[in-house]
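A short worksheet on the structure shown next.
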2 protein chains.
Amino acid sequence: MGIAEDLAKQQRSISVAEFFEKNKHLLGFDSPTRGIITTIKEAVDNALDACEEAEVLPDIYVSIRKGGQGAYRVAVEDNGPGIVPENVPNVFGKLLYGSRFHQIRQSRGQQGIGISAAVLYAQLTTGTPAVVTSRTSAKVPAHRFSLMIRTETNEPQVLAHEEVVWDRTHGTRIELEFTSSLAARKRLLEYLKYTSVVNPHARIRVEIDGEAETFERVSAEAIRPPQSIKPHPHGTELGTLKRMAAADPDRPLVEFLVDSFSKVGQKTAVAIAEAAGLAPETRMGTLGAAELKALHTAMQEVHVPPPPTSVCLSPIGEELIARGLEKEFQLDFVKARTRPAAVFSGHPFVVEAAIGYGGRLEAEGSAQLMRFANRVPLIYQQGACAITGAVAGVNWKNYNLSQSGLPTGPVLILVHVASTNVPFTSESKDAVASIPEIEREVTLVLQELGRELKAWIARRERNKQRQDRARAVCAVMPAIAEKVAEIVDKPVPDISALEGRIMRKVVARKRAHDGRVVIEVRNHTDQVVDLTIYDLSPDAGEDAVPAPSFASGTDGEYTRVWNCSLPAGERWQAAYAGTGGGFVDLKGVDDRKKVVLPFV
Amino acid sequence: MGIAEDLAKQQRSISVAEFFEKNKHLLGFDSPTRGIITTIKEAVDNALDACEEAEVLPDIYVSIRKGGQGAYRVAVEDNGPGIVPENVPNVFGKLLYGSRFHQIRQSRGQQGIGISAAVLYAQLTTGTPAVVTSRTSAKVPAHRFSLMIRTETNEPQVLAHEEVVWDRTHGTRIELEFTSSLAARKRLLEYLKYTSVVNPHARIRVEIDGEAETFERVSAEAIRPPQSIKPHPHGTELGTLKRMAAADPDRPLVEFLVDSFSKVGQKTAVAIAEAAGLAPETRMGTLGAAELKALHTAMQEVHVPPPPTSVCLSPIGEELIARGLEKEFQLDFVKARTRPAAVFSGHPFVVEAAIGYGGRLEAEGSAQLMRFANRVPLIYQQGACAITGAVAGVNWKNYNLSQSGLPTGPVLILVHVASTNVPFTSESKDAVASIPEIEREVTLVLQELGRELKAWIARRERNKQRQDRARAVCAVMPAIAEKVAEIVDKPVPDISALEGRIMRKVVARKRAHDGRVVIEVRNHTDQVVDLTIYDLSPDAGEDAVPAPSFASGTDGEYTRVWNCSLPAGERWQAAYAGTGGGFVDLKGVDDRKKVVLPFV
């Protein structure tokens, strides 16, 4: 027919760079506005990953300067270990080139696509090369490259390469110029702020057209870089097993299983061989298709402990999450939880979450939802994300929050999914795919936190009610005291102590009786108070019990100081010989929370 | 530091096959259930594209057979032009290999990824090779390949290749075995049914585990394959322009512009050169970065007519859409509209839509939404699709439909977006990205159709009311006739003719007067009726006017037949000499719609 021959002439290979140039929206370069955020995100992700490998505290600098005709010049610089000069062209000028693709461990970047895609986007929209400066130690000079990507072949093209003087002893800097807009400036800053929350060990400085902002670190502890683990038998596909067997033909079966997979010991390996009906010493190369299939089935069926999680994952931890949130949002309530590690299709993962309430959060509208995967904020496609689905799926009314999809009110919800293989819905890594195991963990952690928030809100409500009631009683008490005094014909009593008790304050009183002075402090609040009690007095009081921690003075002017930690509802007392007078004071408790009665 | 050197050792290229094997969910292979649908979709898309190239009417056969241990064996066979043997390994065994990537025209497949990804999925889950049979004409034998993909290199690995006898003279067949489930059988059949609606020229036969179903073609006209066009200046990025210029350094500017871009004639090219401040004869190779930038800016600013659409796009057309829907859904109302072509970022596109109502559609719940892009049904991620957004954004209450997001009730909405570059949200091509120009076109076409549906519903309502009223009048008429006859002391008249008129029926009557017989038919309905009028009579009536189309009989038993097409409201009449008697009858109109009065 000739048609097949005609068609054959048109058939050819498409380079992966051509593919992603045409489909740049798949990588988060849908629009100039988003392009700038995606570029910075890719560069910052790489910077944080690199610092983590080197166990240095990241110090990242981001600069955005407006050029002509809608072009922006973006630079991102880090203090990571740097990249050896021979690898710079491939790392920045070749898509699908990287170090983490074949490693099973948590990392931000994985595919070796992101930053090269940004280089591609820059050369597509402005035709300008990327400028990369990198230095690996103080002993060697820095190298500067000007490079582009040959789209047809997906190979780097180095336009210039020189040694340069650089004040950093190690680190990497990338500069790109591309068509963009700063319409999403707010979102960009939000991205950096969120990044700072989940990377509390990082300092990020940003300068947008001269205007600077710094997100300070709250932890001075570098992150231990997650370690690679071996694949888990339960997550291994038959095709992969075939490939592994073919690569290791002389190895006996049991040895192969023990060495190739995580959590497979001698005993488990023998059990797998048995279940597959194979001799333990069978060499891998001799296994036929049917035997490999039987082996694969046995690997799924025999019980193997879940994959190890402590080395390959790096959750942020409850304390650091809470601290990061408090720094950025000044919350009335914040609680974080890290769930035990779990597994989906052989991939370990950990879900962490936090709930914040009050503070500077908007009182109206939907809760603020912060989604994270492997310490990277997810800022687009909230609606398509399994995290959002799980949050909306929780019945927040159970926890006394109103709800319309998400909970509403001054609520902040943070969810972090850390995994050796985060299942994103697209290459642009905007949303987590809906995996039942992950959704379940998110739901569980939010329910836990919801209960905590509910208890806190209830307590706050109770406190408020009690205070309201107390305030009402105190408002009428003086009138009652006056009336009663009139009836029994006595002077109007001092009701301050009573007021203190009703209003749940700390009340201090000094009295003298039979030549002894007694100082008494009562804690009517519902919390422990750490008090310093000052006593200014004309009595020397050298026999004071308990003995003051400090005492001085002469000639009828003495100062004594006690320290005490007073539990809620308890009473503290000191006594010495004397006639009294002078006064006491308390430190360690808010003025509104204390009543010091005059000496009687 | 040594760390950079350590890291450098781990860096390496990742093959695109490795990338997509790990990220198979990005291509629609998220789960075994979905895997089977994606595989069949990719194979059927290819089959339809191939038949279109060859301008043959597609005859596609899909077979699904259950194997052991959750494995399914799927075969898809077409009568397309076939693939020359040299190209078979690359087409099926190499991702990013194809003929349509660099062509600007409407097609189903484009990237050269889909079917190879299915091959990859099969070898990953079952370790089995793909079996491909192809033949390009009756003059050559068929070739059968057994092949896999070398994941590490993204190169095909041919395990077997032989010439075979095949009953097809041209076509291609692919067989794959992979782990799957038929849990989504209903969705699979839906996909095939929808495919059949937008490919009315295709016959698709499917056999699932022995159970067969055929989706017949409703059109016997092969589709004219869309033709490639040149890029449009308004959709060309600066980086692309640079590349084009570098590839053609000796060409004078104006000639370059005219030859390289669509809709750029001599006059437009000169205007662009002028706006860029460049001489028309400047050779492309001599243009520096700044000059190319100026040229690029001028290309965006100078008015250029929109790209041509008639050759590169292949909309289905209003009539075929309506016919396809009627065949599958037996609707009471269906209307389709094809909008004029429009443009986004230099890419031409056409939106077509249809609304169906009543018939076999569910009376309750949300409308059935059928989304299509380049004649391919979109079956996943309805919520994430711009089409869904546009449908939900129309105020359907304006058209007398209730609405909760989508309209509700027995409504079907079909939307087809055809473009040289459909902007999908992901590689799995499930949803159209939200592009304002496309959303606008969808909204406009639905508003148009909404008005038509509203008018039809209103008309139906009016008809129903009129009928109800007529029925009420007819119910009391006999009583009135009786009463009046009693008052005027005459026999009760036959009111059937009147009833026919009120009830909007076709009324036939035969009368004799003064030796002439008159047959009269009145059409009181609101439609043309094609009638056959039978007259059985004792009269020979040889002088009948008009002459009957058939007449026979002897001895006082004569039959005459007339045919007539009678418009709404019109009267037909025939007459001949005679005394009358016998009777008339009508064919061509429903019994409930006709009244034949007795001879008087």
Next item on the list: Looking for whichever is farther than 21 Å from B:A575 by Cβ and modelled with pLDDT of 85 or more here; the options are B:E499, B:E461, B:E520. Which one fits?
Entry: B:E461
Margin query: Could you check the stretch B:414-432 and list, in sequence order, the residues that are surrounded by fewer than 23 Cβ atoms within 10 Å (Cβ to Cβ) and either at pLDDT 95 or above or in a strand (DSSP E or B) (or both)?
Written below: B:F424
Notebook entry, point to check: in a strand (DSSP E or B) and touching a residue at least 40 places away in the same chain (Cβ under 8 Å) - does that describe any residue in the stretch A:22-42?
Noted result: no
Next item on the list: Please work out which residue is nearest to the chain's Cα centre (by Cα), limiting yourself to the stretch A:275-297 and to residues that are part of a helix (DSSP H, G or I) and surrounded by fewer than 19 Cβ atoms within 10 Å (Cβ to Cβ).
Entry: A:T297
Check: Does B:V218 qualify as being farther than 18 Å from B:F372 by Cα and assigned to a loop (DSSP other than H, G, I, E, B)?
Finding: yes
Notebook entry, point to check: Pick from the stretch A:60-78 the residues that are farther than 9 Å from A:T179 by Cα and hydroxyl-bearing (S, T, Y): which of them is least open to solvent (accessible area, probe 1.4 Å)?
Noted result: A:S63
Item checked: Unmet requirement for B:V343, which otherwise passes all of (1) within 20 Å of the chain's Cα centre (by Cα); (2) open to solvent by 20 Å² or more (accessible area, probe 1.4 Å); (3) closer than 30 Å to B:E237 by Cα -> (1)
Item checked: Filter result for A:V517 (part of a strand (DSSP E or B), touching a helix residue (DSSP H, G or I) at 6+ places or on another chain (Cβ under 6 Å) and touching a residue at least 12 places away in the same chain (Cβ under 8 Å)) -> no
Check: If you go through the stretch A:6-42, how many residues are facing chain B (nearest Cβ under 7 Å) and among the small types (G, A, S)?
Finding: 2
Check: Looking at this structure, is B:E441 closer than 27 Å to B:Y357 by Cα, crowded, with 20+ Cβ neighbours inside 10 Å and of a type in the set (D, E, K, R)?
Finding: yes
Next item on the list: Considering (1) in contact (Cβ under 8 Å) with a residue 60 or more places away in the chain; (2) touching a His at 6+ places or on another chain (Cβ under 7 Å), say which one B:V422 fails and leave the rest.
Entry: (2)
Item checked: Scan of the stretch A:364-395 for residues that are closer than 28 Å to A:E52 by Cβ, within 14 Å of chain B (Cβ to nearest Cβ) and open to solvent by 50 Å² or more (accessible area, probe 1.4 Å), ordered by number -> A:Q381, A:Q382
Check: Pairs under 6 Å by beta carbon, first residue more than 7 Å from chain B (Cβ to nearest Cβ) in the stretch A:79-101, partner of a type in the set (D, E, K, R), six or more apart or different chains?
Finding: A:N79/A:D59
Check: Which one of A:I321, A:I272, A:I223 is buried (at least 16 other Cβ atoms within 10 Å of the Cβ), within 24 Å of the chain's Cα centre (by Cα), outside the structural domain of A:S63 (by TED's automatic domain parsing) and outside any loop (DSSP other than H, G, I, E, B)?
Finding: A:I321
Margin query: Looking at B:K139, B:K186, can you tell me which residue is open to solvent by 60 Å² or more (accessible area, probe 1.4 Å), under 30 Å from B:R323 (Cβ atoms) and at pLDDT below 95?
Written below: B:K186
Item checked: Subset tally (residues that are closer than 21 Å to B:H232 by Cβ and more than 11 Å from chain A (Cβ to nearest Cβ)) for the stretch B:105-121 -> 3
Notebook entry, point to check: Can A:T179 be described as within 26 Å of A:P129 (Cβ to Cβ), in the same structural domain as A:K66 (by TED's automatic domain parsing) and surrounded by fewer than 19 Cβ atoms within 10 Å (Cβ to Cβ)?
Noted result: no
Note to self: Quick test of your reading of the structure: B:Y534 fulfils all but one of (1) crowded, with 16+ Cβ neighbours inside 10 Å; (2) among the hydroxyl-bearing types (S, T, Y); (3) in contact with a Gly (Cβ under 9 Å, 6 or more places away or on another chain). Name the failing condition by number.
What the structure shows: (3)
Checklist line | Matching residues, the stretch A:551-576, being of a type in the set (G, A, S), in a strand (DSSP E or B) and exposed (fewer than 14 other Cβ atoms within 10 Å of the Cβ) | finding: A:S552, A:S565
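The values are calculated or read from the model by the stated rules, or taken from the named source; none is laboratory data. Predicted, not measured: the structure shown is a model, and the values here were computed from it. As a convention, Cβ positions derive from the backbone with ideal geometry for all residues, glycine included, and neighbour counts pool all protein chains shown. Note: accessible area is taken over every heavy atom of the protein model, side chains too, but ligands, DNA and RNA are not part of it. Shrake-Rupley method; radii C 1.70, N 1.55, O 1.52, S 1.80 Å.
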